[in-house]
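What follows is a set of notes on a single structure, which appears directly below.
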Ligand code: APR
């Protein structure tokens, strides 16, 4: 069987890390695409030279030509600009919308059968726009946010409870912004829900509330520290987990920004919810029962995503 092909659109911080992880994990051959000449080629050469040390044979190439992504099985999109201190994800909208148009057209023309994972921010609007511009089926275009937001939540919870991250499962719904909805009733340590752990005296409601808040602004905390860009290690790891779920038909239940058609009371919008990802792309949307607080928070998050789409349509009339 021929090797799988992974195309990475955007060869910046996340793109380079994605390529490194994909090579180390032996996911397939890798094509790094960027509009800047030399950067994808340079990174591809540098990464290829890891092969003899790490013992991987992946063919890694850099390109500025969309024709080279032809036949890709998975495409991960990080093209665009990242946040600087003081910027919200939404501040990136105008610039990155234009980028999504070019990327969507490039994918449609060269790799229309790929499973596409969008990471570019503001995520919920960009994945929607990328789907519109590419015309690919909705179940083959997803946004990566929930895996990252849950990883941040799990990391903080593991620290709080002083337990292994392996035993923490956490749950984050909604848009990838300050309105995201970490759901504590479905967040557990080895199956014990966080509210029960509070009752058992392992933590307090106030401390968990602070962790929820820190998770919501988890990306901003890193932007504030880095000063020159945004997080890239954990976003890349999260994107790769989604790619693996598709390539290896793992049928993993992962939170992802997907196109909803009535689930959670949301129609024709990309919002973060738990889904099953396997060889069929998004194979199922998992609709869980939410308490009133989570429902209210989700509604606020959905409204924030809707506002972003209005802004996109005002910038690019072809999206109306
Ligand atoms: N087509 C392809 N690549 C592009 C385009 C385009 N039209 N426009 C910009 N790029 C490239 C840039 O040249 C750069 O190499 O996208 C890359 C972005 O890399 P970084 O600036 O390092 O940003 P990164 O940290 O990788 O984040 C990328 O993901 O999490 C989001 O908010 C983040 O939107 C940002 C994206």
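The values are calculated or read from the model by the stated rules, or taken from the named source; none is laboratory data. Predicted, not measured: the structure shown is a model, and the values here were computed from it. Here the Cβ is made from the backbone with ideal geometry for all residues, glycine too, and neighbour counts use every protein chain on show.
Please work out if residue 104 is more than 10 Å from the ligand (Cβ to nearest atom) and free of Cβ contacts under 8 Å to residues at least 24 places away in the same chain.
On the way: more than 10 Å from the ligand (Cβ to nearest atom): yes; free of Cβ contacts under 8 Å to residues at least 24 places away in the same chain: no.
No.
Which is near the ligand (Cβ under 10 Å from one of its atoms) and either outside any strand (DSSP E or B) or over 20 Å from residue 133 (Cβ atoms) (or both), of 27, 18, 8?
Result: 18 is the single residue among 27, 18, 8 that is near the ligand (Cβ under 10 Å from one of its atoms) and either outside any strand (DSSP E or B) or over 20 Å from residue 133 (Cβ atoms) (or both).
Got at least one residue in the stretch 219-237 being under 21 Å from residue 123 (Cβ atoms) and either part of a strand (DSSP E or B) or in contact with a strand residue (DSSP E or B) (Cβ under 8 Å, 6 or more places away or on another chain) (or both)?
The answer is no, given that none of the residues of the stretch 219-237 is under 21 Å from residue 123 (Cβ atoms) and either part of a strand (DSSP E or B) or in contact with a strand residue (DSSP E or B) (Cβ under 8 Å, 6 or more places away or on another chain) (or both).
Of everything in the stretch 180-191, what is surrounded by 17 or more Cβ atoms within 10 Å (Cβ to Cβ) and more than 23 Å from residue 232 (Cβ to Cβ)? Give them in sequence order.
Selection gives 181, 183, 184, 186, 187, 188, 189.
Please find, within the stretch 264-313, the residue that is nearest to residue 97 (Cα to Cα) out of those that are free of Cβ contacts under 8 Å to residues at least 12 places away in the same chain and assigned to a strand (DSSP E or B).
Restricting to residues being free of Cβ contacts under 8 Å to residues at least 12 places away in the same chain and assigned to a strand (DSSP E or B), the top hit is 268.
Of the residues that make up the stretch 168-184, is at least one within 12 Å of the ligand (Cβ to nearest atom), under 24 Å from residue 240 (Cβ atoms) and not in a helix (DSSP H, G or I)?
yes
Given the structure, is residue 9 touching a strand residue (DSSP E or B) at 6+ places or on another chain (Cβ under 8 Å) and in the same structural domain as residue 110 (by the TED database)?
yes
Can you tell me how many residues within the stretch 30-51 are in a loop (DSSP other than H, G, I, E, B) and within 12 Å of the ligand (Cβ to nearest atom)?
5
For the stretch 148-176, enumerate the residues that are under 15 Å from the mean Cα position of the chain (by Cα) and surrounded by fewer than 24 Cβ atoms within 10 Å (Cβ to Cβ).
151, 171
Among the listed residues 124, 91, 68, identify the single one that is more than 18 Å from residue 232 (Cβ to Cβ), within 15 Å of the chain's Cα centre (by Cα) and in a helix (DSSP H, G or I). Talk me through it step by step, then tell me what you get.
Values: 91 fails: within 15 Å of the chain's Cα centre (by Cα); 68 fails: within 15 Å of the chain's Cα centre (by Cα).
Among 124, 91, 68, only 124 is more than 18 Å from residue 232 (Cβ to Cβ), within 15 Å of the chain's Cα centre (by Cα) and in a helix (DSSP H, G or I).
For residue 64, all conditions in the list (1) surrounded by 14 or more Cβ atoms within 10 Å (Cβ to Cβ); (2) at positive phi; (3) within 16 Å of the ligand (Cβ to nearest atom) hold save one; what is the number of the exception?
For residue 64, the failing item is (2).
Quick one: residue 130 ticks every box in (1) at pLDDT 95 or above; (2) touching a strand residue (DSSP E or B) at 6+ places or on another chain (Cβ under 6 Å); (3) away from the ligand (no atom under 11 Å from the Cβ); (4) not in a helix (DSSP H, G or I) except a single one, so which number is it?
(4)
If residue 80 passes every condition in (1) more than 9 Å from the ligand (Cβ to nearest atom); (2) assigned to a loop (DSSP other than H, G, I, E, B) but one, which one does it miss?
(1)
Can you tell me which condition residue 103 does not meet? The list is (1) under 23 Å from residue 303 (Cα atoms); (2) surrounded by 21 or more Cβ atoms within 10 Å (Cβ to Cβ), and all the others hold.
Result: residue 103 passes all but (1).
Mind checking which pairs have a first residue in the stretch 226-251 that is in the same structural domain as residue 283 (by the TED database) and a second that is away from the ligand (no atom under 15 Å from the Cβ) and at pLDDT below 95, Cβ under 9 Å, 6 or more apart or different chains?
none
Could you grab me the full set of residues in the stretch 89-100 that are surrounded by 18 or more Cβ atoms within 10 Å (Cβ to Cβ) and within 10 Å of the ligand (Cβ to nearest atom)?
Once the filter is applied, which keeps residues that are surrounded by 18 or more Cβ atoms within 10 Å (Cβ to Cβ) and within 10 Å of the ligand (Cβ to nearest atom), the stretch 89-100 yields 89, 92, 96, 99, 100.
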